[in-house]
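Enquirer: Next up is a structure, given as structure tokens.
The values are calculated or read from the model by the stated rules, or taken from the named source; none is laboratory data. Remember, it's a predicted structure, so these values are computed and weren't measured experimentally. Every residue, glycine among them, receives a Cβ derived from its backbone with ideal geometry; neighbour counts consider all protein chains shown.
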2 protein chains.
Amino acid sequence: MAETINRQWLLAARPEGMLNEGNFKESSSPIPEPGEGEFLGKTLFVGVEPAMRGHMLETSAYAQTMNIGDVIRATGVSQVLKSNHPDYAVGDLVQHSCGFQDYSVSNGAGAVKVPAGVSPEAVLSVFGGTGYTAYYGMVEVGEVKEGDTVLVSGAAGAVGNIAGQVAKIKGASKVVGLAGSAEKCDWLVNEIGFDAAINYKDADVAKQVQEAFPDGMNVFFDNVGGDVLDIALNNLALNARVVICGGISRYNKDHKVPGPENYFNLVYKRARMEGFIIIDNLHRADEFAGAMTPWIEDGRLKYQVDVIEGFENLPNGLIRLFTGENKGKQLIHVGEPE
Amino acid sequence: MAETINRQWLLAARPEGMLNEGNFKESSSPIPEPGEGEFLGKTLFVGVEPAMRGHMLETSAYAQTMNIGDVIRATGVSQVLKSNHPDYAVGDLVQHSCGFQDYSVSNGAGAVKVPAGVSPEAVLSVFGGTGYTAYYGMVEVGEVKEGDTVLVSGAAGAVGNIAGQVAKIKGASKVVGLAGSAEKCDWLVNEIGFDAAINYKDADVAKQVQEAFPDGMNVFFDNVGGDVLDIALNNLALNARVVICGGISRYNKDHKVPGPENYFNLVYKRARMEGFIIIDNLHRADEFAGAMTPWIEDGRLKYQVDVIEGFENLPNGLIRLFTGENKGKQLIHVGEPE
């Protein structure tokens, strides 16, 4: 550990409209010393997710708000370099809230050791909050069952591609993804096992969705909101479940964004629309991992990470979620283990 | 039965914008003769409901569409005057789809005999579709339980006032109604047993709702939609249930009506919004009646009908639902039993 400097990205300005580099400020401080009951971690990988923009606002909807000048809060995998904590030994890999910085001190709250034989990339994608969000949302909120027809928006995103795969594994008869490029659509169908994919930038998305679901869809798993939600609501089967996981089309808007003008189809179709946040269910992490591990081991559930390199790219890693560049879970590779 | 003429109101023009007298045309025909397996009924009372406007459109969302020139479809109570049907005797009172006319012939499909000791007014309000809608929506969709806080919109309407009373009987700690006049609000609180009522025509409805539910509401039972739905969505408790029963603020609009711009609070509050139509559950009528009858007998559940007089007022009875004039179930008294 030759380094003595801890590089950090701080919250410089709260987001207004599209997130941009001006929201972040580079800084540095000495590498901190862990106190009693704490450990020092070196950041290896950071994972980013759309909800982080919300946590940068003055009033976060459900998480503690960051102050201007705080290190950007983020989950990642660190290697323990020093430990005064009985549960963590030097060399352990730990998933925790490391933030946008090279080094962090933790008292272990919210930290989970990376199991032997599991890569940091897997922990930050299919295991951990991302995978559990997909599983819980599709299985418990969406109540997907054999023979269901399923549409997933943001299907090439971190959660979306797993949600669609989980639906297939659970016996859905047809899983269709909405994604933002022909290349992503191709990937969903030819590598991830979706039955079909629709490029939401096409002119005739509504028509394509209708043709894909002539009898309506049983489950819509929404990561996007906006027009896509309206289109789905117009194509529900009776007793459909609309799972509201995200609304990335809304997050960079400062003005009010119109809601689904046809929400009343929930009545005509006796359907429900339900939101959830996985943090309510993280005590069930072992259960989720237990369900998904065999699928990963036998190759039915694939996971995809989109890794960019370097501490200097941490803000860009977050920004590119909103420009739709990532395919699978966006990670930033910050450091090598010692 | 001295009459030979059957007066009828026909669909003259499909509704565009606000329903008005031009949508209806008065006509007459000879009183029909019941065939084999049919009975002839004389219309005593007709009940109207907001969904009827939708059935007058070219494409009804869930019912068979009426054609121009058809008798306006409506449910009412008739007295059997002639019968070739083994289950119905002359003199029986029957709830069925009688339509906007003095006399109708029925083969008994969808018909239910009015039980002895129950008035036509009760059958067309608290018993029958209206009461069952309130009960099923509040108990099974809203899952109201002891200690819940509950907001009902359109609370002075046929379904709303019963839904609020059911919530109270089920142990809700606070039931608040939204209604369109000070007089209706007074009625809800002082006669029907709501804990509070808010006049939705006040300038500060959002503030009043927020003050009434400082910790958010557990159940919102919506008959109205529009701004009221947005206000409720801004004041949900965690795991709230939003029951979409109706959306009367939308029904007379030809342009697209904005949806709830803050539907995403369903995520932040891990809440759900669900629609239903009671026709899916009418096979459970005996169960619903069984639950509600003791409440009516012991005076805990009151029912209110708003009766206007005369065949000539059938269209007006329907129109006044949309001008908010009715208090409780709107009935039109068409004829006397013979």
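Enquirer: For segment B:282-293, indicate whether the set of residues that are polar (S, T, N, Q) and more than 14 Å from chain A (Cβ to nearest Cβ) is non-empty.
Expert: Scanning segment B:282-293 turns up at least one residue that is polar (S, T, N, Q) and more than 14 Å from chain A (Cβ to nearest Cβ).
Enquirer: Oh, and also: Identify, from the list A:21, A:3, the residue that is of a type in the set (D, E, K, R) and either modelled with pLDDT of 95 or more or under 29 Å from residue A:158 (Cα atoms) (or both). Outline the logic, then answer.
Expert: On the way: A:3 fails: either modelled with pLDDT of 95 or more or under 29 Å from residue A:158 (Cα atoms) (or both).
Residue meeting the stated conditions: A:21.
Enquirer: Would you confirm, using the coordinates I've provided, whether residue B:237 is surrounded by fewer than 23 Cβ atoms within 10 Å (Cβ to Cβ), under 25 Å from residue B:147 (Cα atoms) and under 17 Å from the mean Cα position of the chain (by Cα)? So that I can check it myself, show each step before the final result.
Expert: Numbers: surrounded by fewer than 23 Cβ atoms within 10 Å (Cβ to Cβ): yes; under 25 Å from residue B:147 (Cα atoms): yes; under 17 Å from the mean Cα position of the chain (by Cα): no.
So residue B:237 does not fit the description; no.
Listed here are the residues, each with its yes/no results for (1) modelled with pLDDT under 95; (2) in a helix (DSSP H, G or I).
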{"site": "A:116", "(1), (2)": "yes, no"}
{"site": "A:121", "(1), (2)": "yes, yes"}
{"site": "A:136", "(1), (2)": "no, yes"}
{"site": "A:144", "(1), (2)": "no, no"}
{"site": "A:155", "(1), (2)": "no, no"}
{"site": "A:164", "(1), (2)": "no, yes"}
{"site": "A:176", "(1), (2)": "no, no"}
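Enquirer: Output the residues belonging to segment B:79-114 that are in contact with a helix residue (DSSP H, G or I) (Cβ under 9 Å, 6 or more places away or on another chain) and outside any loop (DSSP other than H, G, I, E, B).
Expert: Answer for segment B:79-114, where residues must be in contact with a helix residue (DSSP H, G or I) (Cβ under 9 Å, 6 or more places away or on another chain) and outside any loop (DSSP other than H, G, I, E, B): B:93, B:95, B:101, B:112.
Enquirer: Tell me which residues, restricted to segment A:227-273, are aliphatic (A, V, I, L, M) and without any contact (Cβ under 8 Å) to a residue 12 or more places away in the chain.
Expert: Once the filter is applied, which keeps residues that are aliphatic (A, V, I, L, M) and without any contact (Cβ under 8 Å) to a residue 12 or more places away in the chain, segment A:227-273 yields only A:267.
Enquirer: Is it the case, given these coordinates, that residue B:298 is within 14 Å of another protein chain (Cβ to nearest Cβ), farther than 24 Å from residue A:239 by Cα and modelled with pLDDT under 95?
Expert: Considered against the rule, which asks whether it is within 14 Å of another protein chain (Cβ to nearest Cβ), farther than 24 Å from residue A:239 by Cα and modelled with pLDDT under 95, residue B:298 comes out as no.
Enquirer: What is the number of the single condition among (1) surrounded by fewer than 19 Cβ atoms within 10 Å (Cβ to Cβ); (2) in contact (Cβ under 8 Å) with a residue 60 or more places away in the chain; (3) outside any strand (DSSP E or B); (4) away from chain B (no Cβ under 13 Å) that residue A:303 does not meet?
Expert: Of (1) surrounded by fewer than 19 Cβ atoms within 10 Å (Cβ to Cβ); (2) in contact (Cβ under 8 Å) with a residue 60 or more places away in the chain; (3) outside any strand (DSSP E or B); (4) away from chain B (no Cβ under 13 Å), only one is false for residue A:303: (1).
Enquirer: Now for a different question. In segment A:43-62, which residue that is assigned to a loop (DSSP other than H, G, I, E, B) and free of Cβ contacts under 8 Å to residues at least 24 places away in the same chain is nearest to the other protein chains (Cβ to nearest Cβ)? Full working, then the answer.
Expert: Let us first name the residues in segment A:43-62 that are assigned to a loop (DSSP other than H, G, I, E, B), namely A:48-50, A:56-62.
Still in the list and also free of Cβ contacts under 8 Å to residues at least 24 places away in the same chain: A:59-61.
On the way: A:59: 11, A:60: 9, A:61: 4 Å.
Residue satisfying both the conditions and the ranking: A:61.
Enquirer: Let me ask something else about it. Going through segment B:276-288 one residue at a time, which ones are closer than 16 Å to residue B:125 by Cα and more than 16 Å from the chain's Cα centre (by Cα)?
Expert: B:286 - this is the single residue of segment B:276-288 that is closer than 16 Å to residue B:125 by Cα and more than 16 Å from the chain's Cα centre (by Cα).
Enquirer: Here is a further query. Which ones in segment A:35-51 are buried (at least 21 other Cβ atoms within 10 Å of the Cβ) and either modelled with pLDDT of 95 or more or not assigned by TED's automatic domain parsing to the domain that holds residue A:98 (or both)?
Expert: Selection gives A:39, A:40, A:41, A:42, A:43, A:44, A:45, A:46, A:47, A:48.
Enquirer: Here's a follow-up. Give the residues of segment B:1-24 that are without any contact (Cβ under 8 Å) to a residue 24 or more places away in the chain and under 30 Å from residue B:83 (Cα atoms), sorted by residue number.
Expert: Here is the first cut: in segment B:1-24, the residues without any contact (Cβ under 8 Å) to a residue 24 or more places away in the chain are B:2, B:22.
Listed by number, the list holds a single entry, B:2.
Enquirer: Right, next: All but one of (1) in contact with a Gly (Cβ under 9 Å, 6 or more places away or on another chain); (2) closer than 30 Å to residue B:14 by Cβ; (3) of a type outside the set (Lys, Arg) hold for residue B:289, so report the exception by its number.
Expert: Among (1) in contact with a Gly (Cβ under 9 Å, 6 or more places away or on another chain); (2) closer than 30 Å to residue B:14 by Cβ; (3) of a type outside the set (Lys, Arg), the lone unmet condition for residue B:289 is (2).
Enquirer: Kindly establish whether residue A:141 is within 30 Å of residue A:272 (Cα to Cα) and in contact with a strand residue (DSSP E or B) (Cβ under 8 Å, 6 or more places away or on another chain).
Expert: Considered against the rule, which asks whether it is within 30 Å of residue A:272 (Cα to Cα) and in contact with a strand residue (DSSP E or B) (Cβ under 8 Å, 6 or more places away or on another chain), residue A:141 comes out as yes.
Enquirer: When you scan segment B:60-95, how many residues do you find that are surrounded by fewer than 18 Cβ atoms within 10 Å (Cβ to Cβ), of a type in the set (S, T, N, Q) and within 22 Å of residue B:14 (Cβ to Cβ)?
Expert: So the count comes out to 4.
Enquirer: Give the number of residues within segment B:81-125 that are β-branched (Val, Ile, Thr) and farther than 30 Å from residue B:302 by Cβ.
Expert: 2
Enquirer: Are any of the residues in segment B:59-70 in the same structural domain as residue B:317 (by TED's automatic domain parsing) and touching a Cys at 6+ places or on another chain (Cβ under 6 Å)?
Expert: Initial filter on segment B:59-70 (in the same structural domain as residue B:317 (by TED's automatic domain parsing)): B:59-70.
Of the ones still in play, those that are also touching a Cys at 6+ places or on another chain (Cβ under 6 Å) are none.
No, segment B:59-70 contains no residue that is in the same structural domain as residue B:317 (by TED's automatic domain parsing) and touching a Cys at 6+ places or on another chain (Cβ under 6 Å).
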